[in-house]
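Every number here is computed from the coordinates shown, using simple stated rules; none is lab data. These figures come from a predicted structure and were not determined experimentally. Methodologically, a virtual Cβ is constructed for each residue, glycine included, from the backbone with ideal geometry; neighbour enumeration extends over all protein chains shown.
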Amino acid sequence: MNLTLSRFCPESLKELQPELLFLFSCGIKISVPEIMGILRHLIVRDMQITALIRNMVSVITVAVDVLPAVRRSAVLLPVIASKLLGELGIVLTTYAKSIGPVTVDEADYDFTEITNNSFYLPNKDAAKKAAEYVSTLMEQMDSCGGLIECRVDHLPAGLGEPVFDKLDALLAQAIMSIGAVKGVEIGDGFQSASSTGSTNNDPFCMQQGQVMKTSNHSGGTLGGMSDGSQLILRAAIKPTPSISQMQHTVTNSGEEIELSIHGRHDPIIVPRAVVVVEAMTALTLADLLLRNAVSRMNQIKQLYTEDKNV
């Protein structure tokens with residue numbers, strides 16, 4: 001069952017959370033399970049949400065008042081961005097490419113396995129090896145990091161700018177704003193440093209009357225803009241810093257001591273960050289799509305002069 005947000009009745013939420021107030025006036029379709037999923041993440045004590053969404057062809061204004069504020073970017077807005085991308089046929093696939101030393105080669109990807117293991121690895125055997133490795137680290141009271149990869153299919157060409165707001169730069173800014181991310185790469189990324197121009201270049205060809213690339217070392221970007229091919233980005237996640245091993249540190253008074261952190265601490269945070277990387281990617285792409293929609297004068301004229309009812 002799908003509901004159109006413009007027809008969704010706020011009164012139906014009262015049984016779940018009386019403090020929640022959703023005022024929707026856009027035509028984006030959302031399913032009942034998705035609404036329930038949002039509510040499960042948003043229901044906290046003394047929290048009030050007012051979401052105003054106004055759709056004017058290319059401009060969606062979202063005003064959200066959320067306590068705590070971190071849930072604004074972590075839950076509600078990525079859902080809206082993902083729905084927008086989905087309406088345009090843009091598909092995001094995000095998973096863990098590596099857990100510590102356990103890495104999945106692209107030739108061994110099986111995307112049907114991503115949600116079948118707790119590490120979100122696209123390979124069943126790799127997930128078993130990762131589980132064994134993490135179990136060993138837990139016995140050693142240690143932790144590890146990993147690599148998250150996000151692939152975006154059916155992204156139109158021309159998103160981004162040649163100089164300042166490059167697609168590469170905005171994606172890197174968004175992903176690097178996530179806690180524990182220590183590096184971002186697009187396409188071949190850091191491997192490009194040891195490559196050659198003749199190898200790293202993506203040759204062009206004609207396929208069914210369209211200009212296409214025979215390879216995708218650039219990861220779907222060219223000159224700061226999307227080139228219409230698959231967008232590929234990766235985020236390097238550092239090991240969980242809070243471990244139970246004795247560590248040397250300094251107190252506020254300058255005294256050198258040995259410290260052991262107690263309590264429940266995950267030996268790896270990569271699986272938790274997979275959805276966050278996808279959320280930040282979706283937000284960045286949705287924003288660029290809306291900006292690009294009014295980047296030409298004929299589009300602006302159509303919006304403001306020809307049809308006032310859009």
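Exposure proxy for C144, C205: other Cβ atoms within 10 Å of each Cβ, ordered fewest to most, give C205, C144. Here's how it looks for L155: its modeled amide H is under 5 Å from those of L231, which are all 5 or more places away or on a different chain. Here's how it looks for G183: its modeled amide H is under 5 Å from those of A236, which are all 5 or more places away or on a different chain.
For region 224-241, 3J(HN,Hα) computed residue by residue from phi via the Karplus equation (6.51, -1.76, 1.60; θ = phi - 60°) reads x, 10, 5, 10, x, 8, 5, 8, 10, 9, 9, 10, 8, 9, 6, x, 4, x Hz, glycine and proline entered as x.
Across region 153-310, the fraction of Cα-Cα pairs farther apart than 28 Å, rounded to a whole number, is 44%. Compute the Cα gyration tensor for region 160-206, then decide on rounded, prolate or oblate, letting a ≥ b ≥ c be the square roots of its eigenvalues: rounded whenever a/c is under 1.5, prolate when a/b is larger than b/c in the other cases, and oblate in all that remain. Oblate is the answer for region 160-206, as a/c is 1.5 or above yet b/c matches or exceeds a/b. Global dimensions of region 183-265 from alpha-carbon coordinates: Rg and Dmax equal 22.8, 71 Å.
Cβ-Cβ distance of T196 and E106, R₀ of 35 Å, FRET efficiency by 1/(1 + (r/R0)^6): the value works out to about 0.95. Sequence-distant contacts, meaning Cα pairs under 8 Å at least 6 residues apart, place the relative contact order of region 108-226 at 23 percent.
For region 283-289, 3J(HN,Hα) computed residue by residue from phi via the Karplus equation (6.51, -1.76, 1.60; θ = phi - 60°) reads 4, 5, 5, 4, 4, 5, 5 Hz, glycine and proline entered as x.
The HN-Hα couplings worked out from phi for region 142-152 by the Karplus form 6.51 cos²θ - 1.76 cosθ + 1.60 (θ = phi - 60°) are 10, 9, 8, x, x, 10, 10, 10, 10, 10, 10 Hz, whole numbers, x standing for Gly and Pro. Fewest-first ordering of I261, I268 by other beta carbons within 10 Å of each residue's beta carbon gives I261, I268. For a test of the definition: using alpha carbon positions, the gyration tensor, and the 1.5 limit on a/c, classify region 63-215 as rounded, prolate or oblate. Oblate.
Close amide H partners of L222, meaning residues 5 or more places away or on another chain with modelled amide H under 5 Å apart, are D227. By definition, a body whose alpha carbon gyration tensor gives a ≥ b ≥ c is oblate when a/c is 1.5 or more and a/b is not larger than b/c, and region 124-167 fits this oblate description.
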